[in-house]
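Rule-based calculations on the coordinates, nothing more; no lab input. Quantities reported herein were computed from a predicted structural model and do not represent experimental measurements. Note: ideal-geometry Cβ built from the backbone for every residue, glycine included; neighbour counts use all protein chains shown.
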Amino acid sequence: MIGFCAATALSGVSLAQAADLVIAMPNWPSGQATANILKAGIAKEFGLNAEITELGALNAFVGLEAGTVDIHPEVWSPNLDDVIGKYVVQKKAVMLAPRAVDAWQGLCATPAAAKDIKTIADLSDPSKTAALDTDGDGKGELWIGAPAWLSTGIERVRANSYGYAADLTLLEAEEEVAMAAVDAAVATDRPMVFACYAPHYMFDLHQVARLEEPPHEDGKWKIVSSDDPLWISKSSATVAWPTAHFNIAYAAAFGKKHPDIAKFLEKVDFSTEEVTKMSYALEVERQAPSDFAEAWVKSNAARVDGWAKP
């Protein structure tokens, strides 16, 4: 979601100095796919070679302002609203393409867990969450996201605000590790609850259920800026996530230098269903992101050509 990544060494961008442009790649499946599709599409339409560098979102935005990064394929909102406000609205150093992909964020349960845990309130019932205990310490476990994702901090805020942080061990781990645990839990009919987001291949692979919770209300969603080191303890959220979406971002300076590519990026129109299939191809079918992207651009040649038309 997964717009969620926050910290990877910006120095990695130096590896891309020989390229015509740099695309920051998130560390989740759909972001890897879209980054490579943009690379292949730009090469096809404009003959330019893009270097792909894995970067967290915060460092990617620093690079977009500094000129060491040109494109970011998935900027999630509301996760990165503070960052968007700083670099897009205030500094005007970054542009967001107008077309967005609809998304969703929340908590999910495997079929075994969903028999008893159906709502967010159920997570505060020790008699129900005891089944989530895998290490024998008397407390169930709940994966809330990767360490570098901003959404992980927000899930910790939600756990504190709803109250289930007191009865559950909140786990942070890379998504690949967590999804392997979900696969194993489903295969062995073991209860598991975990942070989830859509579009994501998990919903095509397993019959996981989304936990019900109070609908979003702006007045009950008070997330302090992550610039504050105490933002998690100062924040509160006792309702569902607001409606989410993600957009392509590009450096304003890059857009001025390459207005044709900027217009291309603004026409890219991935659907939610397509993004789900992309993540499925990479994570379930184990296709290499670059190979998948080359095949995707080839099979969608006319559409990609349309993105490049004035």
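Quick notes on this one:
- Helical mean residue ellipticity (222 nm; -39500 (n - 2.57) per DSSP H run of 4+; nearest 500) of the chain: -10500 deg cm²/dmol
- ³J(HN,Hα), Karplus 6.51/-1.76/1.60, whole Hz, each residue of region 276-289, x for Gly, Pro: 4, 5, 4, 5, 5, 4, 7, 8, 8, 7, 6, 6, 5, x
- Kirkwood Rh and Cα Rg combined as Rg/Rh, region 130-288: 1.02
- Cα-based reach from Lys86 at 21 Å (exclusive), listing lysines while leaving out same-chain residues under 8 positions away: Lys222, Lys234, Lys256
- 3J(HN,Hα) along region 299-306, derived from phi through the Karplus expression 6.51 cos²θ - 1.76 cosθ + 1.60 where θ = phi - 60°, amounts to 6, 10, 4, 5, 5, 5, 4, x Hz, with x in place of Gly and Pro.
- For region 27-44, Karplus couplings with θ = phi - 60° (6.51, -1.76, 1.60), whole Hz, Gly/Pro x: 9, 10, x, 5, x, 5, 5, 5, 4, 6, 5, 5, 4, 5, x, 5, 5, 5
- Take every Cα pair under 8 Å whose residues are at least 6 apart in sequence, average their separation, divide by the length of region 10-308, and the relative contact order is 27 percent.
- Remark: Leu230, Leu170 ranked as Leu230, Leu170, counting other beta-carbon atoms within 10 Å and listing the fewest first.
- Residues whose amide H comes within less than 5 Å of that of Ile52, counting only those at least five positions distant or on another chain, are Ile23 (H built at 1.01 Å from N in the peptide plane).
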